[in-house]
Every structure is written in structure tokens, then in C-alpha cells.
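The values are calculated or read from the model by the stated rules, or taken from the named source; none is laboratory data. Just so it is clear, the structure is predicted and the values come from calculations on it, not from any experiment. Quick reminder, even Gly has a Cβ in these numbers, built from the backbone with ideal geometry, and neighbours come from all protein chains shown. Protein only, heavy atoms only, side chains kept; ligands, DNA and RNA dropped before computing areas. Shrake-Rupley method; radii C 1.70, N 1.55, O 1.52, S 1.80 Å.
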Amino acid sequence: MAADDPPPAHPSVDLIDAGGAAVDALTREVARAAAAAALFGRDPSLRIGRYRLRARVGVGGMGAVWSAEDDELGRSVALKLATAGDAAARQRALDEGRALARLSHPNVVPIYDVVDSAHGVFLVMELVAGETLRAYAARTDDVRAVVRAYREAAAGLAAAHAAGLIHRDFKPDNAVVGADGRVRVLDFGLAVSEAAPGTSVAGTPRYMAPEQRAGAVTAAVDQYALCASLREALGDRLPRWVRPIVERGGAAEPAARFPSMDALAEALGRDPRRVWRRRGVAGLVVAVGVAGVVIGQGRATAPSLRCDGGAALMATTWTQPRAQVASHLAGLGGDYASAAGARLMDTLDGYARAWQLSHRGACQAHGRGELAAGLFDRRGQCLAQARASLAAVTDLATTATPADLPGLVEAVAALPTVARCDDDSALASPVAPPPAAVVTAVAAVDDRLAEVAVLRDAGRIDQARAAADHAVAAAEQLAYPPLVARARLARGRVALTSLTGTRGDEDFVAATNLALGAGDDLLAVEAFARHAFASVTGTRGQPVDGLTLIEPLANRLGENGVAARALLLGNLGAIALNQGDRATARARFAQAAAALPAVTGPAAIELAFVRQGALSLEDDPVAVARDGAALVEFQRTRLGAEHPTTLLAQIYVAQLGPSDEQVRTALASPCRTLATVHGQLRAGVSECSAEATLLALIAGDAADAGRWAQIHAAAMATSQTPALLARARGLTAAAAGDVTTAIAAFTAARAALRIAPDSPWWLRSFAIECAIAAAAVARAGGDDATRAAEVRYARAQLALAAPGLSAVEYRRRARTLDQLATGSAPSGVGR
């Protein structure tokens, strides 16, 4: 019985006399004894048999409960008053108490003794320090932990059924979660053997099966009560895979429920994200034994037959919800949705197949004795996290909107590579494993971190942040430093997606220190790389310390650390470029790029920024064209031709063309596709359409400038940035031939930037574009003085912005200004 248990929220319909008057009298006697002890120093104990009562700790639906001491065995116990009624009631309570005492199971509160005293019949049981299942579920955010708790309660009820006892009054108040985490079912005061219709009604109405209300009681009524309790406990949080279990166990007709409580408990134990860990080693022991027998019979294929459990494990994760995902994606409509949906289904099908093959391979290798237990466990953990990631993606796919599709494609492309689970060298780690007592809890947090990564990659930042906060709190409670480091890194990465604040820097610093202390050098290097970037680009704007320590560490990581090393070098290159140090940036990006051929999986997708950074520093137009095409093809292969990331890469490469006319030609298609297919991505559309409008104005093509200006204005509809809004007004006026309004708007846009001597190069680049647009408009209007002034201003800013601009872009802007300086009409006017 739980110490300090509050009374149940839902009183039972109790037909057994719990002896209300006797309870009050006994309570008064205990109080008088305590008062006498305080006044006169007497022994305050009131004894029931050999048990010394201490205090009343609760009043259950089936009777009052006192804490007591068993002097003979030297332990604390709980005494529950079963009845203080007549001889028949006492005999019935004695018989039932003795029957309960024969029930021994870890998930049932044990009955130690039954005492018939002058105060009534008492059941002597374990005194459990803990909380009711109701209280536990109410305070616990971990849905899977709640399901596991109810699964343990089901196991306890199954043991009672095996002993011929039906609880009849299971509810969240009649099970306790002990301080040791184990669930124990209690309060069997209404327990009976199977009863025929007409038996007196007993139980708590909210949890009573329909037949129980009519007096017909079989073991199936406990199924109904447990499922009603679980449904109530989780409500909207009920996982998809649990819902059909609860619906079956809570069916109105007993025949429609599970064949036994054992079957219900087994179903609740088939959490798709836990089965590998729970069954892996034990299942393989069976597989090995059976394999030895059948091989002796000449059936060499038996090991593979015994290792096909991956299909069952993948069923709830992907196979069963697949049809729902396919139907939902197909119903989104639109050409992009159709293409992206088909791509997603193919990718997820392939991922599920690869997972099953890897699962089978691990099983067979272990069965042949080729895979030691430690390596087998690491493969199992890797596969479990891959399956957790797939489950998270599947959940997102069933509710995705058309606007969610690009993020969903990104998340699927970033799924952890299953092939890594077959690479024992990649899985090797010097980090000490978690203590045995928290292995399952650590695995649960790692699964949550896999979900955080999926949500982050899918662009569900608010959800990712909430999940990351929960994971950090759970990890810190477990106090296993490597897990806390992983959780802090994951939360920092979510914050890094923001362009404001410290961008997760505190988490990255903590993760670095924790990882170094735990010997996880790989994680330490990654965390430091992200800390370096966040430290410089966040609100702190501080240079990074510790590079002299971390860079040698990164260099000694070997093959497993190639991605972390490339990330560090690439971020250092980005920082140098941000600071205008092109020489350092070029060297760092070149070092990072040299490592990219060895990087695969999701890390290769993130490290595409290295390719782009190196491209921005390339001086040779031929190399720019070659490497730019490779970057676009890389994104197209992984994400699809019309994915916004692919289109934005194409736009970026287009703007590195050697001449305005070449840029204009290359920019048109990807920018128009981005605006048409992904109009919600206003920032990307507004920037490429502004450049396209500017290029049309330089070319003197008013009609084309008008078309692009309309696209730009639509993309700017919700903007509140003064400089951007002024530029948009200028482009619209310029395309309409309103020279005075356009020049005034471009001047206002520059003024809103408040250019100062220490302004960064990208602000100067924006000012240069506005000046070029004003000069082009002035040329068209015959205003030579304004044209010349704008060209002079743009040239001065171009010289100051040169450290941050690519050499190719610098030369192109310089040629444009040379052309505008002459005042001559461009070729191709009026196309």
C-alpha cells in the first residue's frame, strides 16, 4: 500500500463492510496512545497482533490503512482493515485474504499476513513509498513511460487471473508506482472468482464494463477497467499504436476484447520504439538454439527464418500506417505535392526495407557467433534510434499540409543512415555505457532526441524546442553526463535555426564541456563547432576561445570524425567570411571541402554550406560554373528538382555568372519556379525577384521589369522592414517609368540602412544594388547628374564591400557600373 496515499478520486460501490465506526474508534485509540506517550512517556503503540500501529496513512475505497511495524521481522508494513462486521463477513475476509496471500508477483502488492483481531480483520501488506498511478500519469510528460506503467499493471492483473482472482475494481487509484519505479496493483478487496449474472454489483462505475453493471463478472472486466483507465490517463496524448489496443480491450462486448490479460499486457509491451531493445538478445538466444537444431536436420536456411522479426517491428512504425500516409499525401493536390509525395513514399519504403535487412543481418551475425554481445547491443541501439526517427517522420507525414512538404522532404533526407548500424567501427565509442538501472530511461531520452532532430529538420521549430526542453530535463534527472551532452547539443541546434538571441550558445558550451569530461571527443568537436558559429553570429558577437585545444582533438578523430571535423572547419570558414577575412575563409573552406567526399548521410546535406562557401571565394569563372553545377546537382539528387533548397542553390549559382545578361538568363527559371511553387517562402522569392527586376532595368527591358516587380511586390506584402519596403516601392515605380518616385524610394532604402564606416559588407551590397537601380532609372529618364552621382556612390561602397563579395560578383558589379557611367543604352533593349 502506498504511504501517504490520498483518498481515491472516485469512491467504489462497496458492498463489503469496511467498518466505518471501527475505523473511527481505532483512529481515536491510536491518537490517545500517542497523546499518552507525549504526556507520560508511555509506549504509544497500539498493537494488532504482533504489529504496532503508527498512523493512518489513507482510506482506500475498500478500507482504512495504517502504517505499522513488524517487530519480529524488523520491517515496516501496511495494515488494511478489511472488515469489522459479523462473523460471516470476517470469515469471508479471512478466506479472501489467505487467497491473496498465495498471489506472488512483482506487480502485485504482496499480502504478508491476515490478522483477526478485536478491531476487525486486517490484511498485512507491503508498505510502498510512492504515488498512485493516477498521480504518476498526471505529472509525467513521457507518454511511453505511462504506457509501460499500465503494461506492468496488466501483468499484475494477469497474475491474479492465473490465481483465479478477478480484481473487479481496477482504477488508477488502485495501483501504485513505487520509488523503485515498479508498479504494484493493490486493493483486491472486491476480488472474486468468476461470477454469474445476478451477482451483487461492485466496483467504480466509471471503470465498470457493461456486463459488470449487470452483475456478470469474468476476467474480461479487468481488461475493460485497465483500458478505460489508460484512455483517461493519456487522453489526446494516446499514441497511435496504443489506440487500437485500448479500443479492443475496452470493447463493449467481452468476446471482442483480448483473449486474456496476458495478451493485453503483451500488446502494450510492443512499443515500436522499444521492441528491439527488449527482445534483441533474448530473441537471438532462441534463434541460435533453434538454428543449431535445424541445421542438424539439413535446413541451412533456418537462421534467416528465425531472424525475420524485423518485419513485425517495422509494422507499427511504417507498414501499417503506410496506406494512411500515401492517401494523405496524394490528397494534398498540386504538381509539387504529387511529385514530392511520390518521392517521399519511395524513400520511406526504401528506408524500411534497409532497416529490416540491417536488423536481419545483425540477428544472423549474432546467431553465427560473429557479433559479440557488446557490438550487437550497439547495433540494436542504432537501429532503435533509426526506427524512432522513422516513426517521427511518419507522424508528421500523416498531417502534413502543402506548405509542410519541403520541410518533410528535408527531414526524410536527413534520416540517420541505416547503413551506419552495420558499421561496427562507426558505432565504437570510448564512452562508458549508462548504469544498468537507467539503461531503458536513457534509451527513451535518445528516442526523444531522434524526434527532436526530425522536427527540427522539418521546420517544426516550436515543437522541436518543446521536445528538446523535455529531453534536457529528463537527461539531467538521470544524471548520465553523455546523455545530458547529447540533449544540450540537440536543444542548441534547435536554437541555432533562429537568427536572434544567443542561438543556443549556452547549450553548445555545456555540451562541449560535458562531452570532454565523458570522453566523447566526437560530440565535443561537433558541439564546439556549433558554439564557435553561434558565439560569433549571435547577440554576444564574441570571438571563440579554445580552438587551439579542440582543433588537434578534431584532427585525431580518424574516419569516424570526418563529418565533425568538416563542420568545424566549415564554420570557421563561415566566421572568417563573415568578418571579411577572405584569405582565412578560403583556407578553411578548402580544408573542409577536401573532407566532403568521405561524408555521407544527413551530415553531407548539412555540409552543403561548405560547397557554397568555397564557391563564393572562387575567382575562376570556369571553376565557378563547374562547382556550381555540382552543388545544384547534389541538392537535386537528395531533395528533388523543385525543392526550395535546390531552387535557392540554383539561384545562388546563377548570381555568380560573369555578366548581367548571363545571370539574368540563368536566374529566371529557378526564381519563377520558387515564386510559383513555394510562394510562401517570401524571403527567398523577394530577393531573387528583386535581382531579376534590377537586371531587367539594367537591360532596359521595361516589360520584363514590370513582370518581376509584380512578383516582388507580392512577396513583400507582409514585410515590415523599412529598407526592404522602400526598395520594393522603388522597383515598382522604376518598372512603371516613374523616375522621380523610384529614385526617391531607392534613396530612402539606402538611408534606412544607416551605413556607417564599420557597417558589414552585406549592408553595403544592398546599398550598391539600390544605387545601381537608381542609376539605371536616371539613365532611362535622361538625368545624367543623378546617374553619375549614383555610380560614384556605388563604386565607393563596392570598394568597401569587396572583402565579403565573391570575386566573380565583384567584377560583374564593377562592369555594370562602368556601363552605367558611360550613359550608353544597353544592348537588347525592348526584348
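Of note:
- Selection within region 43-72 - closer than 17 Å to VAL115 by Cα, in contact with a Lys or Arg (Cβ under 9 Å, 6 or more places away or on another chain) and either modelled with pLDDT of 80 or more or open to solvent by 40 Å² or more (accessible area, probe 1.4 Å) (or both): LEU53, VAL65, TRP66, SER67, ALA68, GLU69, ASP70, ASP71, GLU72
- Residues satisfying the stated conditions in region 470-505, i.e. part of a helix (DSSP H, G or I), open to solvent by 20 Å² or more (accessible area, probe 1.4 Å) and more than 14 Å from ALA450 (Cα to Cα): ALA473, ALA474, GLU476, GLN477, LEU478, PRO481, ALA495, LEU496
- Single residue of ASN513, ASN578 found to be modelled with pLDDT under 90 and open to solvent by 30 Å² or more (accessible area, probe 1.4 Å): ASN578
- When each of GLY628, GLY640 is tested for being in contact with a helix residue (DSSP H, G or I) (Cβ under 8 Å, 6 or more places away or on another chain), small (Gly, Ala, Ser) and more than 19 Å from VAL610 (Cβ to Cβ), the lone residue that passes is GLY640.
- Just one residue in the set VAL663, VAL685 is in contact with a Gly (Cβ under 7 Å, 6 or more places away or on another chain), more than 30 Å from LEU332 (Cβ to Cβ) and part of a helix (DSSP H, G or I); that residue is VAL663.
- Test: residue in region 388-402 that is modelled with pLDDT under 90, open to solvent by less than 10 Å² (accessible area, probe 1.4 Å), within 24 Å of THR319 (Cβ to Cβ) and of a type outside the set (A, V, I, L, M): no
- Selection count where residues are assigned to a loop (DSSP other than H, G, I, E, B), at pLDDT 80 or above and open to solvent by 10 Å² or more (accessible area, probe 1.4 Å), scope region 183-207: 0
- Scanning region 208-251 for residues that are surrounded by fewer than 21 Cβ atoms within 10 Å (Cβ to Cβ) and aromatic (Phe, Trp, Tyr) returns a single hit, TRP241.
- Test for ARG460: is it open to solvent by 30 Å² or more (accessible area, probe 1.4 Å) and under 15 Å from the mean Cα position of the chain (by Cα): yes
- The condition of being of a type in the set (Asp, Glu) and more than 43 Å from the chain's Cα centre (by Cα) holds for only one of ASP758, ASP701, that being ASP701.
- Scanning region 626-641 for residues that are open to solvent by less than 50 Å² (accessible area, probe 1.4 Å), part of a helix (DSSP H, G or I) and either within 15 Å of GLN655 (Cα to Cα) or of a type outside the set (A, V, I, L, M) (or both) yields a total of 5.
- Near pairs, Cβ below 9 angstrom, 6+ apart or cross-chain, from region 538-557 (more than 13 Å from LEU572 (Cβ to Cβ)) to any residue that is open to solvent by 40 Å² or more (accessible area, probe 1.4 Å) and modelled with pLDDT under 80: GLY538/THR500; THR539/THR500
- Of the helices (runs of 4 or more DSSP H) contained entirely in region 724-831, those carrying at least 3 residues that are free of Cβ contacts under 8 Å to residues at least 60 places away in the same chain and β-branched (Val, Ile, Thr) fall at 739-753.
- Filtered by the rule that a residue be under 17 Å from THR673 (Cβ atoms) and aliphatic (A, V, I, L, M), region 696-730 gives ILE711, ALA714, ALA715.
- Cross-chain or 6+ apart pairs with Cβ under 9 Å, region 432-449 first and in a helix (DSSP H, G or I), then of a type in the set (Ser, Thr, Tyr): VAL438/TYR480; ALA441/TYR480; VAL442/TYR480; VAL445/TYR480; ASP447/SER389
- Here GLN381 meets the list (1) open to solvent by less than 40 Å² (accessible area, probe 1.4 Å); (2) in a helix (DSSP H, G or I); (3) in contact (Cβ under 8 Å) with a residue 12 or more places away in the chain almost entirely, failing just condition (1).
- Residues in region 356-378 that are surrounded by 18 or more Cβ atoms within 10 Å (Cβ to Cβ) and small (Gly, Ala, Ser) were compared, and the one that is modelled with the lowest pLDDT is GLY367.
- From the options ASP424, ASP447, ASP462, residue that is at pLDDT below 95 and more than 22 Å from GLN381 (Cα to Cα): ASP462
- Selection of region 681-725 for residues being open to solvent by 50 Å² or more (accessible area, probe 1.4 Å) and over 17 Å from ILE651 (Cα atoms) yields ALA702, ALA703, ARG707, GLN710, ALA714, ALA717, THR718, GLN720, THR721, PRO722, LEU725.
- Residues located in region 137-159, provided they are touching a Leu at 6+ places or on another chain (Cβ under 7 Å) and without any contact (Cβ under 8 Å) to a residue 60 or more places away in the chain: ALA149, ALA159
- Selection within region 756-783 - out of contact with any Asp or Glu (no Cβ under 9 Å at 6 or more places or on another chain), within 26 Å of ASP581 (Cβ to Cβ) and surrounded by 17 or more Cβ atoms within 10 Å (Cβ to Cβ): TRP761, LEU763, ARG764, PHE766, ALA767, ILE768
- Hey, ALA794 over 27 Å from SER669 (Cα atoms), open to solvent by less than 50 Å² (accessible area, probe 1.4 Å) and touching a Cys at 6+ places or on another chain (Cβ under 9 Å) or not: yes
Residue-by-condition table, conditions (1) crowded, with 20+ Cβ neighbours inside 10 Å; (2) hydrophobic (A, V, I, L, M, F, W, C); (3) at pLDDT below 80; (4) over 26 Å from VAL185 (Cα atoms):
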{"residue": "ALA25", "(1), (2), (3), (4)": "no, yes, yes, yes"}
{"residue": "ARG75", "(1), (2), (3), (4)": "no, no, yes, no"}
{"residue": "LYS80", "(1), (2), (3), (4)": "yes, no, no, no"}
{"residue": "GLU96", "(1), (2), (3), (4)": "yes, no, yes, no"}
{"residue": "VAL109", "(1), (2), (3), (4)": "yes, yes, no, no"}
{"residue": "ASP113", "(1), (2), (3), (4)": "no, no, no, no"}
{"residue": "MET125", "(1), (2), (3), (4)": "yes, yes, no, no"}
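- Of residues in region 439-452 being open to solvent by 30 Å² or more (accessible area, probe 1.4 Å) and of a type outside the set (Ser, Thr, Tyr), the one farthest from PRO644 (Cα to Cα): VAL439
- Those residues of region 584-597 which are open to solvent by less than 70 Å² (accessible area, probe 1.4 Å) and either of a type in the set (A, V, I, L, M) or touching a Cys at 6+ places or on another chain (Cβ under 8 Å) (or both), in sequence order: ALA585, ALA587, ALA590, ALA592, ALA593, ALA595, LEU596
- Condition met for GLY519 (in contact (Cβ under 8 Å) with a residue 40 or more places away in the chain, more than 17 Å from ASN571 (Cβ to Cβ) and open to solvent by less than 50 Å² (accessible area, probe 1.4 Å)): yes
- Subset of region 234-257 [among the hydrophobic types (A, V, I, L, M, F, W, C) and either on the phi > 0 side of the Ramachandran plot or in contact with a Ser or Thr (Cβ under 9 Å, 6 or more places away or on another chain) (or both)]: TRP241
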